[in-house]
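Structure, as structure tokens:
Each reported figure results from applying straightforward, stated rules to the coordinates on display, with no laboratory input. Note that the coordinates shown come from a computational prediction; the quantities given were computed from them, not determined experimentally. Don't worry about glycine lacking a Cβ; one is built from the backbone with ideal geometry, like all the others, and counts go over all protein chains shown.
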Amino acid sequence: MSQTKLERIVKFYPAFDKRDPDPAKNYGIHGVELLMAVKGPKGVVQFKLYTNWQLPHIQEEMLNKPVRDRTTAMWRFLPMPTDLGYHSYVPHYEDQSCITDACELLDGKPCYYDGSGLNAEPVFKLLVEKGDEAVWRKLERYYEVTFNSDETAQEDRND
């Protein structure tokens, strides 16, 4: 592993209720979102988790709303890992599109992003079973594989 200096970032985005009777203005509800990211000179890798911690009045609505089945009830309150991905200053594959000209994680610079909700599941399992230090190690390794890859790192990309 290289000796690249990596910054650890933790951010919590607040829950919101942006419902509106006008469908064009209805942005729904969303719980607190957790971001854990590792930033280096070549970009950022991230793990995102929707906590499902809702505003108090939304929690009350959800508790009082009838449920059709157990799965529906569980999804109202269980955390949901949503992303393991990267933000890069440069494209990583042919025809990769720039997703924004002003990425928050890349200090307002253009961003080439790729990620996976499915790959976030094992990271969430690490968080639950081993805590944040295990997630940081995973993210630091993912950074090295993504931005400083060699043949061995390529083989480990999905570990």
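Quick one: Kirkwood hydrodynamic radius for the chain, alpha-carbon pairs, angstrom, one decimal?
17.5 Å
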Over 21 Å between Cα atoms, which of LYS42/LYS138; LYS65/LYS125; LYS18/LYS109; LYS42/LYS130 qualify? LYS65/LYS125; LYS18/LYS109; LYS42/LYS130
Is the C-alpha gyration tensor of the stretch 1-93 telling us rounded, prolate or oblate? Criteria: a/c under 1.5 is rounded; beyond that, a/b larger than b/c is prolate, otherwise oblate. prolate
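So if we plug the beta-carbon distance of ASP132 and ALA24 into 1/(1 + (r/R0)^6) with R0 = 41 Å, what FRET efficiency do we get, rounded to 0.05?
That pair, ASP132 with ALA24, gives E of 0.55.
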Calculated FRET value between MET80 and TYR13, using beta carbons and R₀ = 25 Å, to 0.05: 0.95
Applying a 4.7 angstrom Cβ cut-off across the chain, unpaired cysteine residues come out as CYS98
Listing HIS57, HIS92, HIS30, HIS87 from the residue with the fewest other Cβ atoms within 10 Å to the one with the most, what is the order? HIS57, HIS92, HIS30, HIS87
Go ahead and collect, in residue order, the members of the stretch 7-27 whose backbone nitrogen is under 18 Å from a label point 7 Å along the Cα-Cβ direction of LEU55. 13-27
Counting only C-alpha contacts under 8 Å and six or more residues apart, can you give the relative contact order of the stretch 7-150 as a whole percent? 20 percent
